[in-house]
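**Q** I have a structure here, written as structure tokens, and I will follow up with some questions on it.
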Amino acid sequence: MKQGEYPAQYAFGISYTSMTVEPPRYLPWLVKQVQAKGVQILRVQVDSLRAALDHVPEAKAIINCSGIGARYLKDVHDEAVFPERGQTCVIRTTFKKMIIRSGAEYTYLIPRPASGILVLGGINEPFNMSPEPNPASREMFKQRAYKICPELGPPEQMEFVKDIIGVRSTRKGGYRLERQENGRVPIIHSYGYNGGGYQASMGAAREVVRLLRGEDC
Ligand SMILES: Cc1cc2nc3c(=O)[nH]c(=O)nc-3n(C[C@H](O)[C@H](O)[C@H](O)COP(=O)(O)OP(=O)(O)OC[C@H]3O[C@@H](n4cnc5c(N)ncnc54)[C@H](O)[C@@H]3O)c2cc1C
């Protein structure tokens, strides 16, 4: 970007065209897609992958996409996986640009244009599983968003909609995407995508299919 196209206090800026995903719209759509292909969804809490097989004895494979659950499932017990709490603040606005500041004062503004809202973030808190919103974080997101994008108006004038709290499943050394063969059926592990689960999902799903067919990854 040219000087003047980004706030003067920053060293440089990069502009590019991208896309955003709105999980509250995308996930129900995805469920309909797979159900239309005959997938049945069964919700059960299990303490191991083996126990999951008891509910579907005819299964020919297990795809383990258990996220942070991979740390606690008895026959996975992957201690490299750990929770990283995130919190964001949603405001109502017609502003439609995505802005990300990397490095110090990591800040992002991610629009959800179809819903008329903007998601302000963010934060990474290892091993914090609290579902309670932290008001200090909310104020910090608003202040930083205003600093990076004054056209949003000052924090006290932003139309607050809600806080969003979630836990990323982070894995030391990176995600796990591999086939394991030491049981009645093969297991394909696919978890530990940290803050990039949606970005990685389509590619990861293709690799899962290749691994399932026994092709090299
Ligand atoms: C604050 C925040 C910001 C994010 N930002 C981005 C972003 O900018 N870009 C992006 O691409 N992604 C983003 N994500 C998504 C993130 O990347 C994660 O990868 C994603 O949420 C995790 O998806 P997953 O399907 O691997 O795991 P999960 O969504 O955690 O799914 C795991 C599933 O396994 C089930 N499970 C686990 N253990 C058991 C058990 N014992 N018995 C039965 N069921 C079990 C759980 O119930 C759950 O349904 C963000 C997430 C958060 C929280």
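The values are calculated or read from the model by the stated rules, or taken from the named source; none is laboratory data. Model, not experiment: these values are computed from the prediction. Quick reminder, even Gly has a Cβ in these numbers, built from the backbone with ideal geometry, and neighbours come from all protein chains shown. Just the protein is used for accessible areas: all its heavy atoms, side chains included, with ligands, DNA and RNA removed. Shrake-Rupley method; radii C 1.70, N 1.55, O 1.52, S 1.80 Å.
**Q** Just for strands (runs of 3 or more DSSP E) wholly inside region 138-206: which have at least 3 residues that are within 27 Å of Leu120 (Cβ to Cβ)? Break it down into steps so the answer makes sense when it comes.
**A** Numbers: elements: 159-171, 176-180, 187-191.
Correct list: 159-171.
**Q** Val31 passes all but one of (1) under 25 Å from the mean Cα position of the chain (by Cα); (2) not in a helix (DSSP H, G or I); (3) not small (Gly, Ala, Ser); which number fails?
**A** (2)
**Q** Between residues in region 42-53 that are more than 13 Å from Ser66 (Cα to Cα) and residues that are more than 7 Å from the ligand (Cβ to nearest atom) and open to solvent by 40 Å² or more (accessible area, probe 1.4 Å), which pairs lie under 6 Å by C-beta distance while being six or more apart or on different chains?
**A** Arg50/Asp75
**Q** Now a separate question. Name, by its number, the condition in (1) over 30 Å from Arg144 (Cα atoms); (2) in a loop (DSSP other than H, G, I, E, B); (3) open to solvent by 90 Å² or more (accessible area, probe 1.4 Å) that does not hold for Tyr16.
**A** Among (1) over 30 Å from Arg144 (Cα atoms); (2) in a loop (DSSP other than H, G, I, E, B); (3) open to solvent by 90 Å² or more (accessible area, probe 1.4 Å), the lone unmet condition for Tyr16 is (1).
**Q** Okay, next question. Inside region 48-73, can you point out the residues that are part of a loop (DSSP other than H, G, I, E, B) and either of a type in the set (D, E, K, R) or on the phi > 0 side of the Ramachandran plot (or both)?
**A** Start the filter on region 48-73 by keeping residues that are part of a loop (DSSP other than H, G, I, E, B), which leaves 48, 56-61, 65-66, 72-73.
Passing the criteria: Glu58, Lys60.
**Q** Does region 113-134 include one or more residues that are part of a strand (DSSP E or B), open to solvent by 80 Å² or more (accessible area, probe 1.4 Å) and not hydrophobic (A, V, I, L, M, F, W, C)?
**A** Initially, region 113-134 is screened for residues part of a strand (DSSP E or B), giving 117-121, 125-126.
Going one step further and asking which of them are open to solvent by 80 Å² or more (accessible area, probe 1.4 Å), we end up with none.
So far as region 113-134 goes, no, none of its residues is part of a strand (DSSP E or B), open to solvent by 80 Å² or more (accessible area, probe 1.4 Å) and not hydrophobic (A, V, I, L, M, F, W, C).
**Q** Here's a check for you: in region 37-80, which residue that is open to solvent by 50 Å² or more (accessible area, probe 1.4 Å) and aliphatic (A, V, I, L, M) is nearest to the ligand (Cβ to nearest atom)? Steps first, please.
**A** Let us first name the residues in region 37-80 that are open to solvent by 50 Å² or more (accessible area, probe 1.4 Å), namely 37-45, 47, 50, 54-58, 60, 63, 65, 71-72, 74-75, 77, 79.
Filter once more, keeping what is aliphatic (A, V, I, L, M): 39, 41-42, 44, 56, 63.
On the way: Val39: 15, Ile41: 11, Leu42: 10, Val44: 6, Val56: 13, Ile63: 11 Å.
Checked region 37-80; the qualifying residue nearest to the ligand (Cβ to nearest atom) is Val44.
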